[in-house]
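Notes follow the structure.
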Amino acid sequence: MSVLKDKNILLGITAGIAAYKSASLVRLFIKAGASVKVVMTPASKDFITPLTLSTLSKNPVYSSFVDEEDDNQVWNNHVDLGLWADYFVIAPATANTMAKMANGVCDNILLATYLSAKCPVYFAPAMDLDMYKHQSTKTSFEKLISFGDKMIPAGTGELASGLVGEGRMAEPEDIIAFIENDILDQLPLRGKMILITAGPTYEAIDPVRFIGNHSSGKMGFEIAYAAANLGAEVTLVTGPTHQKINHSLVAVKPVVSAEEMYNEVHEHYNTSDIAILSAAVADYKPKIVAQQKIKKKESTFSIELEKTKDILKSLGEIKTNQFLVGFALETDNELEHAKGKLKSKNLDLIVLNSLRDKGAGFGVSTNKVTFITASNEVIHQELKSKSEVAKDLMKQIIKQSNA
Ligand code: CTP
């Protein structure tokens, strides 16, 4: 999944031959899951038609301060356009438009939108090689960069003039990749490795039966999603679940039993910066797993159980720099029990779920949690959706670990 998903992209088009590539750019933004609106300089309409761009973007295209198609002369509000945008991408950006941007000139709707936009601005220059090298153009680049705008450098290649050199607008795929990487680089968990456990474990009794629990895995999957959206590289070790996740930064490692979860978690722990263990791991497993299906005979039947390994505790014991988070599901003396687990498992943070709270626990899409930190801070949260709880948890971890 692209970081551009659900983002509003305002694409600014100026009068360069590279404007013909804007159609592909609109399609690629939409493919990445973004919404696109287009604002054009009047002269750019000689290179690509507003009809092409409005058809591809499924939005009206703006090229003047009033809507000429409309007899009522409706004013196109450049301030609203700027506020709508999460990112303003000017591609191609001509020497003329960049010089105007650098000097506060505001004689068309694209420039007025630029001056009123508060979102990050990217510009992809396109021009002939001598224009690209001219000191005046370089001064525009420097000024725009000093304003905080981001330049997507032009490539080298054949130019419309027939000359070969620098000045060719970056290819649409490269523009998208540049913006995606730039957004990712600014995310607070960029470069962090996060290990997450989710779901139940199944402990085999015989080839067809097991001991399990009602954990849906939803909380752990939401945490993985929230962490990846903040730029972290996530390893999600999950017991059997129907949950699905599709994110380029999440690697899913399916396991079945507590023993398999233990082994998989230990394989990734050393390289992790943060570990969040939300799985409902079985505390006991059958001591002997029957090789054949057990036949019914007597009126009663017992299975001898033995303890599984406590994965969380084992991580607390070998912890070096990792920030370690556990969950506690309690029904009585909640705070006391959770604080006990925080200490005995050497955690930095524990997330307490009380089954006495309505809307909390297994199989529901909401949760009501309390965060308890290693320095004994107790933070009660409202009943929220599990995805909101996951975002709150990531905020708390970032706050505590300065990640
Ligand atoms: N946990 C684990 N491995 C286990 C059991 C639990 O990693 N074998 C983790 C869970 O993922 C959770 C935390 O330990 O983050 C607490 O789980 P919980 O079942 O509430 O606590 P227990 O330590 O098992 O204690 P009890 O069941 O007695 O309350």
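As an exercise, identify the trypsin sites (Lys or Arg not before Pro) in segment 87-147 lying in DSSP coil whose Cβ has no more than 10 other Cβ atoms within 10 Å.
Here the trypsin sites (Lys or Arg not before Pro) that fit, given the DSSP loop and packing criteria, are Lys118.
With contacts defined as alpha carbon pairs under 8 Å and 6 or more residues apart, what's the relative contact order of segment 52-134 in percent?
33 percent
Length gain on complete extension for the stretch His214 to Thr52, per 0.36 nm per residue less the alpha carbon to alpha carbon distance?
Between His214 and Thr52, full extension yields 53.1 nm more.
Restricting to Cα pairs below 8 Å that are 6+ residues apart, what does the relative contact order work out to for segment 1-118? Please round to a whole percent.
Normalised by residue count, the contact order of segment 1-118 is 32 percent.
Going Cα to Cα from Lys138, which lysines come in below 19 Å? Please leave out same-chain ones fewer than 8 positions away.
Lys100, Lys150
Name the most mobile residue of Val234, Val256, Val74, meaning the one with the largest mean-square fluctuation, in a Gaussian network model of the chain with Cα contacts below 10 Å.
Largest GNM mean-square fluctuation: Val74.
So for the pair Ser161, Asp357, with labels modelled 7 Å out along Cα→Cβ, what separation do we get in nm?
For the pair Ser161/Asp357, the computed spacing is 6.6 nm.
Checking the cross-link filter: which aspartates and glutamates have an alpha carbon closer than 14 Å to that of Lys384, excluding same-chain neighbours under 8 positions apart?
Candidates past the 8-residue exclusion: Glu222, Asp357, Asp392.
Over segment 6-93, what portion of Cα pair distances is larger than 16 Å, expressed as a whole percent?
49 percent
Scale the Cα Rg of segment 93-214 by the rule-of-thumb value 2.2 N^0.38 Å and send over the ratio, two decimals.
So segment 93-214 has a normalised radius of gyration of 1.79.
Contact order normalised by length for the chain, with contacts defined as Cα pairs under 8 Å and 6 or more residues apart; what percent is it?
11 percent
Test of understanding: what is the full-extension gain from Ile318 to Val105, defined as 0.36 nm times their sequence separation minus their Cα-Cα distance?
Value of the extension gain: 70.6 nm.
Hey, could you pull the Cα Rg and Dmax for the chain, both in Å?
In Å, with Rg to one decimal and Dmax whole: 28.0, 94.
Can you tell me which of Glu142, Glu388, Glu304 moves the most in a GNM of the chain? Springs connect C-alpha atoms under 10 Å apart.
It is Glu304.
What shape does segment 350-403 have by the C-alpha gyration tensor, where a ≥ b ≥ c are the square roots of the eigenvalues, rounded means a/c under 1.5, and otherwise prolate means a/b greater than b/c and oblate the rest?
Since a/c reaches 1.5 but b/c is at least a/b, the shape of segment 350-403 is classed as oblate.
Binned at 10 Å from 0, what are the whole-percent values of the Cα-Cα distance distribution for segment 56-142, short to long?
16, 44, 29, 10, 1
Assign one of three labels to segment 8-186, namely rounded, prolate or oblate, based on the Cα gyration tensor with a ≥ b ≥ c the square roots of its eigenvalues; rounded applies when a/c is under 1.5, prolate when it is not and a/b is larger than b/c, and oblate otherwise.
Judged from the Cα gyration tensor, segment 8-186 comes out rounded (a/c under 1.5).
Over 25 Å between Cα atoms, which of Lys244/Lys391; Lys192/Lys244; Lys143/Lys395; Lys21/Lys192; Lys244/Lys345; Lys118/Lys143 qualify?
Pairs exceeding the cut-off: Lys143/Lys395; Lys21/Lys192; Lys244/Lys345.
Give a quick list of trypsin sites (Lys or Arg not before Pro) in segment 1-51 that DSSP marks as loop, anything other than H, G, I, E or B, with at most 15 other Cβ atoms within 10 Å.
Filter output for segment 1-51: Lys5.
Can you work out the PRE-style zone for Asn402? Point 7 Å along Cα to Cβ, and I want the residues of segment 354-395 with backbone N under 17 Å.
374-375
Rg to Rh ratio, segment 194-258, alpha-carbon atoms and Kirkwood radius?
1.04
Could you give the length gained by full extension between Lys133 and Asn59, i.e. 0.36 nm per residue of separation minus their alpha carbon distance, to one decimal place?
Extending this stretch completely gives an extra 23.0 nm.
By count of other Cβ within 10 Å, fewest leading, how are Phe221, Phe301 ordered?
Ascending Cβ contact count within 10 Å gives the list Phe301, Phe221.
When the chain is treated as a GNM, springs tying every alpha-carbon pair under 10 Å, which of Lys295, Lys218, Lys386 comes out with the largest mean-square fluctuation?
Most flexible of the set in this elastic network: Lys295.
Take the alpha carbon gyration tensor of segment 280-324, find the square roots of its eigenvalues, order them as a ≥ b ≥ c, and report rounded if a/c is under 1.5; if not, report prolate when a/b exceeds b/c, else oblate.
Prolate, since a/c reaches 1.5 and a/b exceeds b/c.
Using only the alpha carbons, work out the radius of gyration and Dmax of segment 193-401 in angstrom.
17.3, 58
Pop a pseudo-label 7 angstrom from the Cα along the beta-carbon direction at both Gln186 and Ala251 and give the gap in nm to one decimal.
Placing both labels 7 Å beyond Cα along the Cβ direction yields 2.9 nm.
Please express the shape of segment 189-304 as an equivalent ellipsoid: the semi-axes are the square roots of 5 times the eigenvalues of the C-alpha gyration tensor, given largest first in whole angstrom.
33, 13, 10
Using the beta-carbon distance between Ser344 and Lys31 and R0 = 60 Å, what value does 1/(1 + (r/R0)^6) give for FRET efficiency, to the nearest 0.05?
The value I calculate is 0.75.
Determine the percent antiparallel among the DSSP beta bridges restricted to the chain, to the nearest 5.
Taking every DSSP beta bridge with both residues in the chain, the antiparallel ones total about 30 percent.
Taken together, the values in this text are just the output of simple stated rules run on the coordinates, not laboratory data. Everything numeric here is computed off the predicted structure, so don't read it as measured data. Quick reminder, even Gly has a Cβ in these numbers, built from the backbone with ideal geometry, and neighbours come from all protein chains shown.
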